[in-house]
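Okay, structure first, notes after.
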Amino acid sequence: MTHIRFALIVLVAGCTQAPLRPVEPPIERPVDEKARYTAVPFTALPAWREARHATSLQAFLAGCPRPALARACGEATAVPAGDDDAARRFFETAFDAYAIRATDGGETGLVTGYYEPILAGSRTPGANYRYPVYGVPDDLISVELAATNPDLRNSRLRGRVVGRRLVPYYTRGEIDARGTAFAAPVIAWVADPVELFFLHVQGSGQLSLPNGERLRVGYADSNGHPYRSIGRALAERGELPLEQTSMQAIKAWGAANPRKLAGALAANPSYVFFREMPASGSPVGALGVPLTAEYSVAVDRRYVPLGAPVYLATTWPLSDAPLVRLMAAQDTGAAIRGAVRADFFWGSGEQAGAQAGRMRQQGRMWLLWPRGEALPGGG
């Protein structure tokens, strides 16, 4: 029974993406939240006919096949590439549209952004490369809880063994404090501890090596501790106004306050471990397929099945200008919790990071689900 109590402490959703991409997480929804799916005509979707459906179709095809989507995937291959009208007609014929609402009736939710950062790094440590990118440590224990309780599907318990007890794994602060005594494989070394922190936030990234080569790393596992907002922690300490805790502002604060940096980073106990990934192409999301910049989205898969098309209506970062398009649900993250909750993938590099770091908008979501197929569970 001790293990059951421990599960309540460090239970997190299993995912292959970072568990904490938003700098500021959403307000926690009730754990028993359900989704309501209300059928609507495609004409009810804002700017539906004007959207670039050909690009959406290619993103959707990248995630095929999925069991419930197999027939639609097969039909999608016959649609001429680059034809927005043909792609739109395909989606209207193969799918029905459903407005997604949360249990409390809310039809709007938080939309954040994420990206793949590019950091200066090295295969070997040195004066300019002192901060390790860790692989999965040998003493990290991961237990799939669905094996004993089907209600805990997609949930995982993580810890380490001390004597005959399973205890919580080391926190971020404990891992950093152990230094070279921390027993985990080192994939590479990077120059900037704040950039490394945001590599954890994003869950994947590229390292630019001294010889000009690129090394890509992706999420492999985590220490199982819940995400705590570093932006909120800095605001509570009076270091930054809460409304100014963007990724860019946090990086600037870290550069200006090196002595306070370790304590600030330790406020978030969650820690991500990585694995090497193919250097070419796009980063891979939780669905196991390469993400499409500005057309892949991370969702809470309890309510939106991975692989499904999702129509998203929000606004551009720091703007009221509409951002409306058909996305492919191809990723997850432990901070992405709730029926109406999305994390917009902006791509790789500095420009994508600028957009992702500023994105904290409200938005609406519509699930496109194959005609004749039962709706996913949730309400």
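The values are calculated or read from the model by the stated rules, or taken from the named source; none is laboratory data. Here the structure is a predicted model, which is why all the values come from computation and not from measurement. Glycine also receives a Cβ, built like all others from the backbone with ideal geometry; neighbour counts cover every protein chain displayed. In case anyone asks, the SASA skips ligands and DNA or RNA and just uses the protein heavy atoms, side chains included. Shrake-Rupley method; radii C 1.70, N 1.55, O 1.52, S 1.80 Å.
Worth pointing out:
- With contributions of -39500 (n - 2.57) from each DSSP H run of at least four residues, the per-residue ellipticity at 222 nm computed over the chain stands at -6500 deg cm²/dmol.
- Heavy atoms of VAL143: accessible area, 1.4 Å probe, square angstrom to 10: 60
- Crossing angle, helix 53-62 versus the chain [Cα axis fit, 0-90 degrees, rounded to tens]: 60
- Looking at the chain, the accessible area is 45 square angstrom per residue; that uses a 1.4 Å probe and ignores ligands, DNA and RNA.
- Qualifying trypsin sites (Lys or Arg not before Pro) for the range 311-378 [loop in DSSP, other Cβ within 10 Å: at most 15]: ARG371
- Each pair of Cα atoms in the range 167-214 enters the Kirkwood radius, and Stokes-Einstein at 37 °C and 0.692 mPa s then converts it into a translational diffusion coefficient of 259 µm²/s.
- As a ratio to 2.2 N^0.38 Å, the alpha-carbon radius of gyration for the chain is 0.99.
- One chain, two ends: PHE182 and SER280. Fully extended at 0.36 nm per residue, the span grows by 32.2 nm beyond their Cα-Cα distance.
- Protection proxy ranking for 180-189, 53-62, 85-94, 244-253, using the average of other Cβ atoms within 10 Å per residue and placing the highest first: 53-62, 244-253, 85-94, 180-189.
- Heavy-atom accessible surface of the chain: percent carbon and sulfur, 1.4 Å: 52
- One equal scatterer on each Cα of the range 172-281, no solvent, Debye formula: the resulting log10 I(q)/I(0) at q = 0.12 Å⁻¹ is -0.46.
- Local charge for HIS53 was computed over the other residues whose Cβ lies under 15 Å away, with Lys and Arg +1 and Asp and Glu -1, and equals -2.
- Across the range 36-154, the volume of the C-alpha convex hull divided among the residues equals 245 Å³ per residue.
- Each peptide in 122-132, 203-213, 219-229 was scored by the mean count of other Cβ atoms within 10 Å over its residues; highest first, the order is 219-229, 203-213, 122-132.
- About the Cα centre, charge dipole magnitude for the chain (Lys/Arg +1, Asp/Glu -1 at Cβ), debye: 780
- Whole-Hz couplings from phi, Karplus 6.51/-1.76/1.60, listed for the range 354-365; x for Gly and Pro: 4, 5, 5, x, 9, 7, 8, 10, 9, x, 10, 9
- Cα shape, the range 35-106, gyration tensor, a/c 1.5 rule: oblate
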